[in-house]
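What follows is a single structure, written as structure tokens, with notes after it.
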Amino acid sequence: MARRCELTGKGVMSGNNVSHALNRTRRKFLPNLSTVKLASETLGETYKFKVSASALRTVEHRGGLDAFLLKASDGELSDRALAVKKAVKKAQPAA
């Protein structure tokens, strides 16, 4: 699986190592990913996602996985996260 956050789409970035003599060599900036289980309150299930640390803080700040998914745009979510978002939308009562 790619080194990409499933909830925010954050991925590998590239840049330069710059020495004291200003020599530049290419390097990669890797996202701080961890595999976590997040619970959906609406569906009553847990889902395993590969998530960046900043996305995990955002999920907690927004009030859980369901609230995060409903507010997130479809373009940045992975296919698995989109499927969960669709299920959450379907399971919520129409208001």
Give the whole-number value, in cubic angstrom per residue, of the convex hull volume spanned by the C-alpha atoms of the range 56-95. 73
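For M13 and T46, FRET efficiency with R0 = 25 Å and r from the beta-carbon atoms, rounded to 0.05? Before the final figure, lay out the partial values.
Details: r = 30 Å, r/R0 = 1.21.
Rounded to the nearest 0.05, the efficiency is 0.25.
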The answer for the net charge of residues other than N16 whose Cβ lies under 14 angstrom from its Cβ, with Lys and Arg +1 and Asp and Glu -1, is +4
Selected from T25, T46, T35 as most flexible by GNM, with the chain as the system and alpha-carbon contacts under 10 Å: T25
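So what is the calculated 222 nm ellipticity per residue for the chain, using -39500 (n - 2.57) for each DSSP H run with n of 4 or more, over all residues, to the nearest 500 deg cm²/dmol?
Numbers: 3 runs with 30 residues, N = 95.
Rounded to the nearest 500, it is -9500 deg cm²/dmol.
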Partner lysines whose C-alpha sits under 30 Å from that of K85, ignoring same-chain residues fewer than 8 away, are K10, K37, K48, K50, K71
Contact order normalised by length for the chain, with contacts defined as Cα pairs under 8 Å and 6 or more residues apart; what percent is it? 27
Mind checking the angle between helix 53-62 and the chain's longest principal axis? C-alpha axes, 0 to 90 degrees, to the nearest 10. 30
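Output the Kirkwood hydrodynamic radius of the chain, Cα pairs only, in Å rounded to one decimal.
Values: mean 1/r = 0.0676 Å⁻¹.
About 14.8 Å for the chain.
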How much length is gained on full extension from T58 to L82, taking 0.36 nm per residue of separation minus their Cα-Cα distance? 6.9 nm
What full-extension length gain, to one decimal in nm, is calculated for R3 and L70 as 0.36 nm per residue of separation minus the Cα-Cα distance? 21.8 nm
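Readers should treat all values here as calculations from the given coordinates under stated rules, not as data from a laboratory. This is a predicted model, so every value here is computed, not measured. Cβ atoms come from the backbone with ideal geometry, glycine included; neighbour counts cover every protein chain shown.
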